[in-house]
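*Asks:* One structure, as structure tokens, below. Some questions next.
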Amino acid sequence: MKSTKKNILLVVSLLLVAALVAACSAPSTPGAPAADPSADNATVTLSGSTTVQPLAEKLAEAFMTENTGLRIDVQGGGSSVGVKAAGQATSDIGMASREIKESELAEFPNLKIFVIARDGIAIVAHPDVPVSDLTVEQVRDIFSGKITNWKDLGGDDQNIIVVSREEGSGTRAAFEEMVMGEDALIAASAILQASNGAIRTTVSTTPYSIAYLSFGYLDDTVKSISIDGVAPTEPNAADGSYPIVRPLNMLTNGEPAGMVKAFLDFILSEAGQKLVVEDGYIPVK
Amino acid sequence: MSARMIADKTVKYILFASAIISIIIVLAIGFFIFRESIEAWTELGVGEILFRTVWRPGQDQFGILAMIVGSVSVTFGAILLGVPLALGCAIFLAEIAPSAVQSVVRPAVQLLAGIPSVVYGLFGMVILVPLVRRINVPGNSGYGLLAASIVLAVMILPTIASVAEDAIRAVPENYRHGSLALGATKWQTITKVVLPAGKSGIIAGVILGVGRALGETMAMIMVIGNSVIVPKPLSGNPLTFFLSQARTLTGNIAVEINYATGVHESALFATGVVLFGLIMIVNASARSIIRGQKFIEKAN
Amino acid sequence: MENRTSEIALIHKAQAQNLKKEKTRQDFWVAVMWLFGLITVSILVLVVGYILLEGVKAINWEFLTTSPKGGLSGEGGISTTIGTTFYLVSLTLLVATPLGVGAAIFLIEYAGEQSLSSKFLRSLIGVANFAVETLAGIPSIIFGLFGYALFVSTLKLGFSLLSAALAGACLVLPTIIRTTEEALLTVPDDYRRGSLALGATKWQTLYKVVLPASTPGIITGIILSVGRVISETAIFYVTLGGSYRMPTSVLDGGRTLALHLYYLAMDTRAFDKAMGTGAVLVVMIILINLLIDLVSRKLTTGVRKVR
């Protein structure tokens, strides 16, 4: 008798716990994050590449002033997260600052890719570094750790402090593909930072440092270095003379509809592309 | 059964359910982190993860030994700097400071514990890193073990100091009286009687500090440089070891989790499993020491 | 005779010297301990003072009342991050407080009951205590990973206030449980016996007598948790998304003050704004510490009155 009572106590308690857990997770079932984007007070969520993020914020701010009631959430995460978020429909739009890999297309066959802009990757150094021109080979040797002193490049007798992005970063993937090639690897001793902004902060405050940086982040706190005599500027990248250029992508799961489509249309419109140019990127139209 | 008796029973079951929620959370944490890491363990093998120093997700290499060494080194540095200060502070608070001074120092220690780690990280980035950079050694970027150890030493000081102070205070007053009556000075009493008597509690405090140090994340990302290398001296002088950049287990997870997919993501969860295991061992040993001491106190 | 007195004199002299040496040693070490106390306070003054002095330059009405803008260039103020912090703190405590207080009540008031003599239930309570200790020692990035794996990915709550609050609740649960337990233990047993003798049920006794008497302790636990959520970054870095727009539902992402400070310091060159955000955070933490001091003083005077 007494033991049945105890068992009941146990069962009831476990049920209650189950109910609690269910209550905690309940909101996931009806709404899910990707709510109907065509509704009036809709939210469009973007996530992914930190390179595309500030541009997307800016485009979103402009688009929202035209469409009051619409809310656009722009989150970071990195290119791989962008691909995953679009592929699994956890975000309406994914952002990626590199080419989409075959393996990713195989995993998410529904992905639609929109190239919204092109971006150059500049080599930047601390402002006090006297070197202002490098060849692609020299850049490769610096980042792979073959050249470790500025004096070998015509600078002071000081160690080169290499700063790089994390694995998984679109900027890093594009840099590895276009500069490092198949065989050379970025030295393990490089300082690693998690975003373009962090790279810029580190390079501008660390003497004798060098890094690669998206065009959109160039400013006078870091020194841009020419590649084979070509300066990293938007016109040079647009006419093809600057060698390190990659696409900025937005991804959707299937054909976009409603406000998602409207937002993408806006980005590719003349007004949207004007904002792209303002931020130092290369327009696609 | 009357209505209020039924209510009484119902409440009991609800309370019971909330009492065991902690168990469920701990199990769920273990379960989910381990489940997500299985892919990495099976596909790469335990040895490939634990005993390799090369972490190159692009090349499918996921050795975390460099991060284990990084976490241990920075913790060691923090203990080296923080423990003398924290112990001194605890002795000061428990045995020496007049109560007016205590009422200033103790809230200060508490406040040190409450300050967000990002604030320490910011302070480290803006003040410590440029200071460390002034040490003239080739390849010294300022980011690295030294700056991280200093930041971490300050962060674990409150933990160690408060546990050690409690341990010192728990030493029975008649130990001190006895020692003083035998003609020992106050300082002799502290070093020869009080500290040995409170030893296990003090050690437990230090171990808890180690646990905190191993688990700290954001402040570490901000000052340690995050390079995936086994830290080593920058020049012939072995002390320059502390100028080397490094990466902690926690930093590895936080910096890359948002960028990772597939095996890479799974390897980060494997990093989490290793960290979780390390911390459990550290905390369990601290707990068993504390429990042992309570047992001794009771026996006395 | 002469010899002996000189011997004694020598011994006395040696003792005096020894004593003097010990005295000097003591003075030296006591001075060192004072120095350590001083260093600790100076570290606090240095860190807090620096952040406040630098931060004050950035803080003005506009900074506090406008939202961040300009993408990652770090323009604008911090209004939405203050709002998000407030939402997240409320939501986290909404989840953690009932669970934590409930758990503490059971562990203190019911665990010793006769009806729980079953071996299984007894050991379950032991395990529950162990679990609370374990939770208290788990580093926050592990809660973050857990929240990411369970709430963000598996339950598909996405990077959202809800995911972050559920993960954050795990962080503060042990704090609430432990402080509530301590508060319950300070309530004298006579209270319980008196109420039960008057015919109240156990729950009526707890609800009407024991809980009101331990309210200040429970409030201390809640305030401590508020402080922990405000300071926490690692968990929210991996579960909250980081969008700086004001969240309008619990499924929206967001950015807390501490997270904003991290983004400002790492991603932008706006160190002045980072300092401003840091100063706001530090002021909040100081206020919370003062509040805890106030409440716990009330707690001790309350108990004194009882005795």
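The values are calculated or read from the model by the stated rules, or taken from the named source; none is laboratory data. Quick caveat, the model's predicted, so the values are computed rather than measured. When we count neighbours, we look across all protein chains shown, and the Cβ atoms used for this are built from the backbone with ideal geometry, even at glycine.
*Asks:* Go through (1) outside any loop (DSSP other than H, G, I, E, B); (2) touching a helix residue (DSSP H, G or I) at 6+ places or on another chain (Cβ under 9 Å); (3) more than 10 Å from chain C (Cβ to nearest Cβ) and name the single condition B:Thr240 misses.
*Replies:* Among (1) outside any loop (DSSP other than H, G, I, E, B); (2) touching a helix residue (DSSP H, G or I) at 6+ places or on another chain (Cβ under 9 Å); (3) more than 10 Å from chain C (Cβ to nearest Cβ), B:Thr240 violates only (2).
*Asks:* Separate question: Can you tell me how many residues in the range C:196-227 are farther than 17 Å from C:Gly83 by Cα and either hydrophobic (A, V, I, L, M, F, W, C) or within 11 Å of chain B (Cβ to nearest Cβ) (or both)? Outline the logic, then answer.
*Replies:* As a first pass, look at the range C:196-227 and keep what is farther than 17 Å from C:Gly83 by Cα: C:196-225.
When the remaining residues are screened for being either hydrophobic (A, V, I, L, M, F, W, C) or within 11 Å of chain B (Cβ to nearest Cβ) (or both), the result is C:196-207, C:209-211, C:213, C:218-219, C:222-224.
Summing the residues that are farther than 17 Å from C:Gly83 by Cα and either hydrophobic (A, V, I, L, M, F, W, C) or within 11 Å of chain B (Cβ to nearest Cβ) (or both) in the range C:196-227 gives 21.
*Asks:* Which residues, counting only those in the range C:173-186, are crowded, with 22+ Cβ neighbours inside 10 Å and more than 13 Å from chain B (Cβ to nearest Cβ)?
*Replies:* Of everything in the range C:173-186, those that are crowded, with 22+ Cβ neighbours inside 10 Å and more than 13 Å from chain B (Cβ to nearest Cβ) turn out to be C:Thr179, C:Ala183.
*Asks:* Give the residues of the range B:100-141 that are within 18 Å of B:Ala78 (Cβ to Cβ) and in contact with a Pro (Cβ under 8 Å, 6 or more places away or on another chain), sorted by residue number.
*Replies:* B:Val109, B:Leu112, B:Ala113
*Asks:* Does A:Lys101 count as under 17 Å from the mean Cα position of the chain (by Cα), facing another protein chain (nearest Cβ under 8 Å) and without any contact (Cβ under 8 Å) to a residue 40 or more places away in the chain? Quick ask: steps written out before the conclusion?
*Replies:* Numbers: under 17 Å from the mean Cα position of the chain (by Cα): yes; facing another protein chain (nearest Cβ under 8 Å): no; without any contact (Cβ under 8 Å) to a residue 40 or more places away in the chain: yes.
No: the conditions fail for A:Lys101.
*Asks:* Would the range B:274-290 turn up any residue that is part of a loop (DSSP other than H, G, I, E, B), crowded, with 24+ Cβ neighbours inside 10 Å and modelled with pLDDT of 90 or more?
*Replies:* Of the residues in the range B:274-290, the ones part of a loop (DSSP other than H, G, I, E, B) are none.
No: the range B:274-290 contains no residue that is part of a loop (DSSP other than H, G, I, E, B), crowded, with 24+ Cβ neighbours inside 10 Å and modelled with pLDDT of 90 or more.
*Asks:* Return the residue satisfying two criteria in turn: it lies in the range B:85-112 and is surrounded by fewer than 16 Cβ atoms within 10 Å (Cβ to Cβ) and either of a type in the set (Val, Ile, Thr) or not in a helix (DSSP H, G or I) (or both), and of such residues it is farthest from the chain's Cα centre (by Cα).
*Replies:* Taking the candidates together, the pick is B:Pro98.
*Asks:* Counting just the residues of the range B:196-218 that are more than 9 Å from every other protein chain (Cβ to nearest Cβ), hydrophobic (A, V, I, L, M, F, W, C) and touching a Leu at 6+ places or on another chain (Cβ under 9 Å), which one comes out surrounded by the fewest Cβ atoms within 10 Å (Cβ to Cβ)?
*Replies:* Pass one, the range B:196-218, residues more than 9 Å from every other protein chain (Cβ to nearest Cβ): B:196-207, B:209-210, B:213.
After this cut, where a residue has to be hydrophobic (A, V, I, L, M, F, W, C) as well, the list is B:197, B:202-204, B:206-207, B:210, B:213.
Add one more test, that the residue is touching a Leu at 6+ places or on another chain (Cβ under 9 Å), and what stays is B:202, B:206, B:213.
Values: B:Ile202: 25, B:Val206: 22, B:Ala213: 29.
By that ranking, first place goes to B:Val206.
*Asks:* Under 9 Å by Cβ, and 6 or more places apart or on different chains, what pairs join a residue from the range B:1-27 that is in contact (Cβ under 8 Å) with a residue 60 or more places away in the chain and part of a helix (DSSP H, G or I) with one that is of a type in the set (A, V, I, L, M) and surrounded by 18 or more Cβ atoms within 10 Å (Cβ to Cβ)?
*Replies:* none
Quick grid of which residues meet (1) buried (at least 20 other Cβ atoms within 10 Å of the Cβ); (2) at positive phi; (3) in contact with a strand residue (DSSP E or B) (Cβ under 8 Å, 6 or more places away or on another chain); (4) not charged (D, E, K, R):
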residue: C:Gly49; (1), (2), (3), (4): no, no, no, yes
residue: C:Asn60; (1), (2), (3), (4): no, no, no, yes
residue: C:Thr65; (1), (2), (3), (4): no, no, no, yes
residue: C:Gly76; (1), (2), (3), (4): no, yes, yes, yes
residue: C:Ser123; (1), (2), (3), (4): no, no, no, yes
residue: C:Asn129; (1), (2), (3), (4): no, no, no, yes
residue: C:Leu135; (1), (2), (3), (4): yes, no, no, yes
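*Asks:* Being on the phi < 0 side of the Ramachandran plot and out of contact with any strand residue (DSSP E or B) (no Cβ under 8 Å at 6 or more places or on another chain) narrows it down to one of B:Ile221, B:Ile229, so name that one.
*Replies:* Values: B:Ile229 fails: out of contact with any strand residue (DSSP E or B) (no Cβ under 8 Å at 6 or more places or on another chain).
Going through B:Ile221, B:Ile229 in turn, the sole match is B:Ile221.
*Asks:* In this structure, is B:Val193 surrounded by fewer than 20 Cβ atoms within 10 Å (Cβ to Cβ), in contact (Cβ under 8 Å) with a residue 12 or more places away in the chain and either more than 14 Å from chain C (Cβ to nearest Cβ) or in a helix (DSSP H, G or I) (or both)?
*Replies:* Numbers: surrounded by fewer than 20 Cβ atoms within 10 Å (Cβ to Cβ): yes; in contact (Cβ under 8 Å) with a residue 12 or more places away in the chain: yes; either more than 14 Å from chain C (Cβ to nearest Cβ) or in a helix (DSSP H, G or I) (or both): yes.
For B:Val193, the condition - surrounded by fewer than 20 Cβ atoms within 10 Å (Cβ to Cβ), in contact (Cβ under 8 Å) with a residue 12 or more places away in the chain and either more than 14 Å from chain C (Cβ to nearest Cβ) or in a helix (DSSP H, G or I) (or both) - is met.
*Asks:* Of (1) more than 7 Å from every other protein chain (Cβ to nearest Cβ); (2) modelled with pLDDT of 90 or more, C:Asn18 satisfies all except one. Which?
*Replies:* Going through the list (1) more than 7 Å from every other protein chain (Cβ to nearest Cβ); (2) modelled with pLDDT of 90 or more, C:Asn18 breaks only (2).
*Asks:* Now for a different question. Suppose we keep only residues that are small (Gly, Ala, Ser) and away from chain A (no Cβ under 12 Å) within the range C:43-98. Which one would you say is farthest from C:Ala258 (Cα to Cα)? Quick ask: steps written out before the conclusion?
*Replies:* Quick first cut of the range C:43-98, residues small (Gly, Ala, Ser) only: C:49, C:55, C:58, C:67, C:70-71, C:73-74, C:76-77, C:79, C:83, C:90, C:96.
Next, only the ones that are away from chain A (no Cβ under 12 Å) stay: C:49, C:55, C:58, C:77, C:79, C:83, C:90.
On the way: C:Gly49: 18, C:Gly55: 14, C:Ala58: 16, C:Gly77: 14, C:Ser79: 13, C:Gly83: 12, C:Ser90: 16 Å.
Taking the candidates together, the pick is C:Gly49.
This table checks each residue for (1) of a type in the set (A, V, I, L, M, F, W, C); (2) in contact (Cβ under 8 Å) with a residue 40 or more places away in the chain; (3) out of contact with any Lys or Arg (no Cβ under 6 Å at 6 or more places or on another chain).
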| residue | (1), (2), (3) |
| --- | --- |
| B:Gly58 | no, no, yes |
| B:Ala66 | yes, yes, yes |
| B:Gly77 | no, yes, yes |
| B:Ala94 | yes, yes, no |
| B:Leu131 | yes, no, yes |
| B:Val137 | yes, yes, yes |
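*Asks:* Scan the range A:220-236 and tell me whether some residue there is within 14 Å of another protein chain (Cβ to nearest Cβ) and under 21 Å from the mean Cα position of the chain (by Cα). Steps first, answer last, please.
*Replies:* Within the range A:220-236, the subset within 14 Å of another protein chain (Cβ to nearest Cβ) is A:220-222.
Next, only the ones that are under 21 Å from the mean Cα position of the chain (by Cα) stay: A:222.
Scanning the range A:220-236 turns up at least one residue that is within 14 Å of another protein chain (Cβ to nearest Cβ) and under 21 Å from the mean Cα position of the chain (by Cα).
*Asks:* Out of all the residues in the range A:214-232, is one or more closer than 30 Å to A:Leu70 by Cα, buried (at least 20 other Cβ atoms within 10 Å of the Cβ) and in contact with a Ser or Thr (Cβ under 6 Å, 6 or more places away or on another chain)?
*Replies:* Yes - at least one qualifying residue is present in the range A:214-232.
*Asks:* Would the range A:205-213 turn up any residue that is assigned to a helix (DSSP H, G or I), out of contact with any strand residue (DSSP E or B) (no Cβ under 7 Å at 6 or more places or on another chain), under 25 Å from C:Ala274 (Cα atoms) and within 14 Å of chain B (Cβ to nearest Cβ)? Break it down stepwise before answering.
*Replies:* So in the range A:205-213, the residues assigned to a helix (DSSP H, G or I) come out as A:205.
Remaining after also requiring out of contact with any strand residue (DSSP E or B) (no Cβ under 7 Å at 6 or more places or on another chain): A:205.
Going one step further and asking which of them are under 25 Å from C:Ala274 (Cα atoms), we end up with A:205.
Still in the list and also within 14 Å of chain B (Cβ to nearest Cβ): A:205.
Yes, the range A:205-213 has at least one match.
*Asks:* On the basis of being surrounded by fewer than 16 Cβ atoms within 10 Å (Cβ to Cβ) and either away from chain C (no Cβ under 12 Å) or at pLDDT 90 or above (or both), does B:Glu36 make the cut? Steps first, answer last, please.
*Replies:* Details: surrounded by fewer than 16 Cβ atoms within 10 Å (Cβ to Cβ): no; either away from chain C (no Cβ under 12 Å) or at pLDDT 90 or above (or both): yes.
Here the answer is no, as B:Glu36 does not meet what is asked.
*Asks:* Taking the range A:185-242, which residues are of a type in the set (Gly, Ala, Ser) and over 30 Å from B:Gln61 (Cβ atoms)? First the steps, then the outcome.
*Replies:* Narrowing the range A:185-242 to residues of a type in the set (Gly, Ala, Ser): A:187-190, A:194-195, A:197-198, A:204, A:209, A:211, A:214, A:216, A:224, A:226, A:229, A:231, A:237-238, A:240-241.
Within the range A:185-242, A:Ser204, A:Gly216, A:Ser224, A:Ser226, A:Gly229, A:Ala231, A:Ala237, A:Ala238, A:Gly240, A:Ser241 qualify.
*Asks:* Restricting to the range A:241-285, and then to whatever is without any contact (Cβ under 8 Å) to a residue 12 or more places away in the chain and not in a helix (DSSP H, G or I), can you tell me which residue is surrounded by the most Cβ atoms within 10 Å (Cβ to Cβ)?
*Replies:* A:Ser241
*Asks:* Moving on to the next point. What's the number of the only condition in (1) over 26 Å from C:Leu240 (Cβ atoms); (2) crowded, with 24+ Cβ neighbours inside 10 Å; (3) within 14 Å of chain C (Cβ to nearest Cβ) that A:His126 fails to meet?
*Replies:* The one condition A:His126 does not meet is (2).
*Asks:* I'd like to check something: does the range A:85-97 contain any residue that is at pLDDT 90 or above and of a type in the set (Ser, Thr, Tyr)?
*Replies:* Looking through the range A:85-97, none of the residues is at pLDDT 90 or above and of a type in the set (Ser, Thr, Tyr).
*Asks:* Right, here's the next one. Would you confirm whether or not the range B:158-174 contains a residue that is surrounded by fewer than 20 Cβ atoms within 10 Å (Cβ to Cβ), in a helix (DSSP H, G or I), more than 11 Å from chain C (Cβ to nearest Cβ) and touching a residue at least 40 places away in the same chain (Cβ under 8 Å)?
*Replies:* yes
*Asks:* Kindly list the number of the only condition in (1) touching a residue at least 40 places away in the same chain (Cβ under 8 Å); (2) over 23 Å from B:Ala66 (Cα atoms) that fails for B:Leu145.
*Replies:* (2)
*Asks:* If you take the residues in the range B:43-72 that are in a helix (DSSP H, G or I) and not hydrophobic (A, V, I, L, M, F, W, C), which one is modelled with the lowest pLDDT? I'd like the intermediate steps shown before the answer.
*Replies:* Restricting attention to the range B:43-72, the residues satisfying the condition of being in a helix (DSSP H, G or I) are B:43-44, B:46-50, B:57-59, B:65-72.
Right, trim to not hydrophobic (A, V, I, L, M, F, W, C) and you get B:43, B:47-48, B:57-59, B:70-71.
On the way: B:Glu43: 91, B:Gly47: 91, B:Glu48: 90, B:Pro57: 84, B:Gly58: 77, B:Gln59: 81, B:Gly70: 95, B:Ser71: 96.
Only one residue tops the list, namely B:Gly58.
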